[in-house]
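The values are calculated or read from the model by the stated rules, or taken from the named source; none is laboratory data. Treat the numbers as computed from the prediction; the structure is a model and nothing was measured. So basically every Cβ, Gly included, is an ideal-geometry build from the backbone, and we count neighbours across all protein chains shown.
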Amino acid sequence: MLRHHISHELRPQTTAHLAQTMAFLQLNTLELENTLINELNQNPALELVEERRCPTCGKKLSQGPCPTCARLTDDGAPVIYLSTRQSFGSHDGAAEEDRADSYEPHTRESLEEFILKQIAADLTREERPIAAYILLQLDEDGLLTEETVEIAAYLRAPLATVERVLGLIQHAEPVGVGARGPIESLLIQIEALKGTASENLRNLARAIIVDAFDLLARNDLRQIARQLRSPLATVELAARFIQRNLTPYPGRAYWGDGKTPSEDLPAYHEADVNITLQRRGTETPATLMVEIFTPLAGTLRVNPTLRAAMQELTDQDAGKQEKWAQAVERATLITKCVQQRNHTMRRLMEILVNHQKDFILNGDGSLKPLTRSVVAKTLGVHESTISRAVASKTIALPSGRIVPLSKFFDRSLSVRDRVRQIIEAEPRPMTDDEIADALSRDGIDVARRTVAKYRNMLGILPANLRHRPAGVPVVA
């Protein structure tokens, strides 16, 4: 009977604690900060002590990370610690508004919006509707489906004005969008690479595209060398330059599947986790310093003054006593849930950083397969807990890239890199089915349509356009 009574009393508290912890876990640092500020404004029992303490060990800090929790280890293992990014008084109105501007997540833009923002300052009032119209005529590859003469006639605008606006669009990022075809797009991209490659190399690449595009599609480099009267080694160098730096599909190469925003795009100005490299000496390997940001610089606690005042209330103050008791209970819940969130994020990052160290240091091609269910099993939590911990959060890598935390689970990154390697090493053009078979031999099972998707995202032509092998017909 006693056990049943205790269980009945604890169940609501346990459920509330779990629900609130999960809610906090799903928020990124900025969202959690705003939530806690609202709680501080509404609950007199919740107090923020404005002193800088380590969120892990509680040691009072003067500046910089905690010297204990962020101390380098002798074995070079990653150092993972909690840190406060915000300064004292950051929840004041003016400071909050300024900070929101710098941490606000980007809205995922369409290709049209992205380009229009870039060229807006160079457009006159009369040119803006022309730019909007042109951008709306782009196909999924980012190429223009109408001639400028037709656009000028339809909009009743001077042809020179339409050409000027189109030029601005074509030289915005991604370069080559708005071209009337793949060849024009490639030529625009070559012009934009001025200064990054020698003039002779760019001139030869331009000549190959203009005069020998069909031969390039068949990878007949010897014939190109004879036709252009250029050394074969130089032609091979120019062909490699074209393959690595140019794409006939600028829209797809930028967004992924077309003009729709890709989920791989960095979404935030500021990350929730920051990874840097630090060396103790020239002969020791660099250590990964993993800084997990917490939302507030001070310490959350239950207001001791209000707690003490509760003891002085009499039976006549039953209504006030109940109200204050609820406030204290809520404040206690909030502080415990924030601590639990911090603990879960730290444990999660320990697993991710150790498992994906090569990806952090070397890039997408080094990403190892990892699922949320495996991490959940390692931590002894439900898979939904990991999903919430990963959701809407970003991480800054040592290279300076800010990527979604979910990228650590993106198996397609390493697969895309492997697709690129297979195509670059192919002795003859491989179809998507053949590439899928090659991946399968590597232990990577993906469908042909998935290979086609990744190839498009890499800006690589299909086999019948890359180069046509002898005896193999082109399938329309």
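The conditions of being in contact (Cβ under 8 Å) with a residue 24 or more places away in the chain and either outside any loop (DSSP other than H, G, I, E, B) or under 17 Å from Thr335 (Cβ atoms) (or both) are met by Leu48. Given the conditions (1) closer than 21 Å to Glu270 by Cβ; (2) touching a residue at least 12 places away in the same chain (Cβ under 8 Å); (3) under 22 Å from the mean Cα position of the chain (by Cα), and given that Val338 satisfies all but one, which numbered condition is not satisfied? Unmet for Val338, out of (1) closer than 21 Å to Glu270 by Cβ; (2) touching a residue at least 12 places away in the same chain (Cβ under 8 Å); (3) under 22 Å from the mean Cα position of the chain (by Cα): (3).
Of the residues making up segment 301-321, those that are at pLDDT 80 or above and either more than 19 Å from Leu40 (Cβ to Cβ) or surrounded by fewer than 12 Cβ atoms within 10 Å (Cβ to Cβ) (or both) are Pro304, Thr305. The C-beta contact set for segment 432-456 (first residue in the same structural domain as Pro369 (by TED's automatic domain parsing), second residue among the charged types (D, E, K, R) and in a helix (DSSP H, G or I), distance under 6 angstrom, 6+ apart or interchain) is empty.
I'd like to check something: does segment 4-18 contain any residue that is assigned to a helix (DSSP H, G or I), modelled with pLDDT of 75 or more and under 26 Å from the mean Cα position of the chain (by Cα)? Within segment 4-18, not a single residue is assigned to a helix (DSSP H, G or I), modelled with pLDDT of 75 or more and under 26 Å from the mean Cα position of the chain (by Cα). Return yes or no: is Pro261 buried (at least 18 other Cβ atoms within 10 Å of the Cβ), modelled with pLDDT of 70 or more and either within 30 Å of Leu30 (Cα to Cα) or in contact with a Ser or Thr (Cβ under 9 Å, 6 or more places away or on another chain) (or both)? Against the criterion (buried (at least 18 other Cβ atoms within 10 Å of the Cβ), modelled with pLDDT of 70 or more and either within 30 Å of Leu30 (Cα to Cα) or in contact with a Ser or Thr (Cβ under 9 Å, 6 or more places away or on another chain) (or both)), Pro261 does not qualify.
Can Asp417 be described as at pLDDT 85 or above and either part of a helix (DSSP H, G or I) or surrounded by fewer than 17 Cβ atoms within 10 Å (Cβ to Cβ) (or both)? It is false that Asp417 is at pLDDT 85 or above and either part of a helix (DSSP H, G or I) or surrounded by fewer than 17 Cβ atoms within 10 Å (Cβ to Cβ) (or both). Restricting attention to segment 391-403, which residues are at pLDDT below 85 and out of contact with any helix residue (DSSP H, G or I) (no Cβ under 8 Å at 6 or more places or on another chain)? Once the filter is applied, which keeps residues that are at pLDDT below 85 and out of contact with any helix residue (DSSP H, G or I) (no Cβ under 8 Å at 6 or more places or on another chain), segment 391-403 yields Ser399, Gly400, Arg401, Ile402, Val403. Within segment 125-179, the set of residues being of a type in the set (Val, Ile, Thr), in a helix (DSSP H, G or I) and surrounded by 13 or more Cβ atoms within 10 Å (Cβ to Cβ) comprises Ile130, Ile134, Thr148, Ile151, Thr161, Val162, Val165, Ile169.
Please indicate, with yes or no, whether at least one residue in segment 338-345 is modelled with pLDDT of 90 or more, of a type in the set (Lys, Arg), buried (at least 17 other Cβ atoms within 10 Å of the Cβ) and at negative phi. Among the residues of segment 338-345, at least one is modelled with pLDDT of 90 or more, of a type in the set (Lys, Arg), buried (at least 17 other Cβ atoms within 10 Å of the Cβ) and at negative phi, which makes the answer yes.
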